[in-house]
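Participant: Could you have a look at this structure, given as structure tokens, before my questions?
The values are calculated or read from the model by the stated rules, or taken from the named source; none is laboratory data. Computed from a predicted model, the values in this text were never measured in an experiment. Counting neighbours? That spans all protein chains shown, and the Cβs are built from the backbone with ideal geometry, glycine included. What goes into the accessible areas is simple: the full protein's heavy atoms, side chains included, and nothing from ligands, DNA or RNA. Shrake-Rupley method; radii C 1.70, N 1.55, O 1.52, S 1.80 Å.
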Amino acid sequence: MAAHQEKKFAQERKHKNIQNDTKASQGQWGRAWEVDWFSLASILFLLMFAPLIVYYFIMSCDQYQCSLTDPLLDLLTGNKHLSDIWNKTPMLTYRAAGIYSLWVTFQVVLYVFIPDFCHKFLPGYVGGVQEGAVTPAGVVNKYQINGLQAWIITHVLWFANASFFHFFSPTIIFDNWIPLLWCANILGYAVSTFAMIKGYFFPTNAKDCKFTGNFFYDYMMGIEFNPRIGKWFDFKLFFNGRPGIVAWTLINLSFAAKQQELYAEVTNSMILVNVLQGLYVLDFFWNEAWYLKTIDICHDHFGWYLGWGDCVWLPYLYTLQGLYLVYHPVQLCTAHAIGILMLGLLGYYIFRMTNHQKDLFRRTNGNCRIWGKKPEYIECSYVSVDGTKYYSKLMTSGFWGWARHFNYTGDLMGSLAYCLACGFEHILPYFYIVYMTILLTHRCIRDEHRCCSKYGKDWKRYTAAVPYRLLPRIF
């Protein structure tokens, strides 16, 4: 009887801790209420130059064999004018518009109208209807987790067409790459603008909206926390995962098909990029339910940053390695190829196992074993927005004892492996590791600023116990 009561008390405490973490996060996370001058300047810079950066990278491959310096040299020396480069750029076509419209419509159908069945026969996979975190307004949204299913259906149809039906060429994405860029921009700006209008006039939940009074900041960072149409179409979940990430592996396959068409072979570097990035995409969809607990879903509002970013930035800049290898095929020596594969797999292992340790620790409230022994942790207290004091635990063992964001370290190792597969002739394919380093370092700082505000002196105890952010003994 006593054991039963103790178990019941532990379950109630666990449930209460989860609720408490949510309440506290409501006051700690999310975008700003007021905008300082630095934030506004950053927002204006991104709004003006992010689309130009994407265009510059893609144009460099199309017109300058992936050289990032030659276009600038041509312009500075007067060999070419901007109009010369623009006039050689393929424009929007009806074919590209049709392809893109069909693609997005197909992904909407898979997302909204086909309930998940993968969780019924794949052991360990969590799919179907799942609950998200409590929003600042106290709403618990339900999500249809079926991204893995959508990915499988899409790729089965892709390979069926390539092998049997031949309705279109597997190189169709590469052949229409720049016209599709204009389609992606149109959708990115359209959905971002619609989300802002919706936030003003017909929000899903008015209490989950934030207005700064600054048009540019609100447009960039979003007004609504969870804009939705109907019961299931959630803007954040759809655009974060579909259509961009489902397309990621298809884009790489199209690049591989183009390499085969041009050179009568697919190089081992292209295979490495397809395999390692494909593993990352599959991991994302396998853990889509876990993704509901991440910053993007739990704390970010939906604006241009996510809407345009997921439609344009992600599919066009995350796939630069495959695009580069179409123009510069690289055949790696066996030792080099094996080394890159091992680096990518080790990075993935660290990324996945670090996240698994944290998830296990949270689910069991510390009553688990990490690396064969009971985890070490620091008891922390914090005060929620209603003035109530609560308690939490911060793990200091396992990978989380090595660095405070060691999952990001694994992510960066995988990112570096993608780039190394392209050799060292050009800097363009290395944009990804530079960008990911900046992005994840910024996330480290952002997360730790929140935690410092939340835990106060207890956070200092934690950072003393785990002094490094990403790289043990370095940073």
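Participant: Phe285 passes all but one of (1) under 18 Å from the mean Cα position of the chain (by Cα); (2) more than 21 Å from Ile173 (Cβ to Cβ); which number fails?
Facilitator: Phe285 satisfies every listed condition except (2).
Participant: Going by the structure shown, is Leu420 among the hydrophobic types (A, V, I, L, M, F, W, C), open to solvent by less than 60 Å² (accessible area, probe 1.4 Å), farther than 24 Å from Trp400 by Cβ and touching a Ser or Thr at 6+ places or on another chain (Cβ under 8 Å)?
Facilitator: No; evaluated as a whole, the condition is false for this residue.
Participant: Here's a follow-up. Within the set of pairs 6 or more residues apart or between chains, which connect a residue that is over 14 Å from Leu440 (Cα atoms) inside region 394-422 to a residue that is open to solvent by 20 Å² or more (accessible area, probe 1.4 Å) and charged (D, E, K, R) with Cβ atoms less than 8 Å apart?
Facilitator: Pairs that qualify, where the first residue is over 14 Å from Leu440 (Cα atoms) and the partner is open to solvent by 20 Å² or more (accessible area, probe 1.4 Å) and charged (D, E, K, R), are Leu394/Asp458; Met395/Lys358; Met395/Glu376; Thr396/Glu376; Ser397/Lys373; Ser397/Glu376; Trp400/Lys358; Gly401/Glu376.
Participant: Now a separate question. Examine region 230-237 for a residue that is surrounded by fewer than 20 Cβ atoms within 10 Å (Cβ to Cβ) and assigned to a strand (DSSP E or B), and state whether such a residue exists. Talk me through it step by step, then tell me what you get.
Facilitator: Applying the first criterion (surrounded by fewer than 20 Cβ atoms within 10 Å (Cβ to Cβ)) to region 230-237 yields 230-233.
Within this subset, residues satisfying the condition of being assigned to a strand (DSSP E or B) are 233.
Yes, the conditions are met somewhere in region 230-237.
Participant: Those residues that are in contact (Cβ under 8 Å) with a residue 12 or more places away in the chain and open to solvent by 10 Å² or more (accessible area, probe 1.4 Å), I need them from region 424-435; list them, please.
Facilitator: Scanning region 424-435 gives Glu425, His426, Ile427, Phe431, Ile433, Tyr435.
Participant: Quick check on region 181-202. Is at least one of its residues at pLDDT 95 or above, under 22 Å from the mean Cα position of the chain (by Cα) and closer than 20 Å to Gln321 by Cα?
Facilitator: Within region 181-202, one or more residues are at pLDDT 95 or above, under 22 Å from the mean Cα position of the chain (by Cα) and closer than 20 Å to Gln321 by Cα.
Participant: Right, Thr319: assigned by the TED database to the domain that holds Val191 and free of Cβ contacts under 8 Å to residues at least 12 places away in the same chain or not?
Facilitator: no
Participant: Which of the residues spanning region 292-308 are over 17 Å from Ile178 (Cα atoms), out of contact with any strand residue (DSSP E or B) (no Cβ under 9 Å at 6 or more places or on another chain) and part of a helix (DSSP H, G or I)?
Facilitator: Across region 292-308, the qualifying residues are Ile295, Asp296, Trp304, Tyr305, Leu306, Gly307.
Participant: Sticking with this one: Considering only helices (runs of 4 or more DSSP H) fully contained in region 59-149, which possess at least 1 residues that are closer than 19 Å to Arg228 by Cα?
Facilitator: 94-112
Participant: Of the residues Asn240, Asn226, which single one is touching an Asp or Glu at 6+ places or on another chain (Cβ under 7 Å) and either of a type in the set (Ser, Thr, Tyr) or not in a helix (DSSP H, G or I) (or both)?
Facilitator: Being touching an Asp or Glu at 6+ places or on another chain (Cβ under 7 Å) and either of a type in the set (Ser, Thr, Tyr) or not in a helix (DSSP H, G or I) (or both) holds for just one of Asn240, Asn226, which is Asn226.
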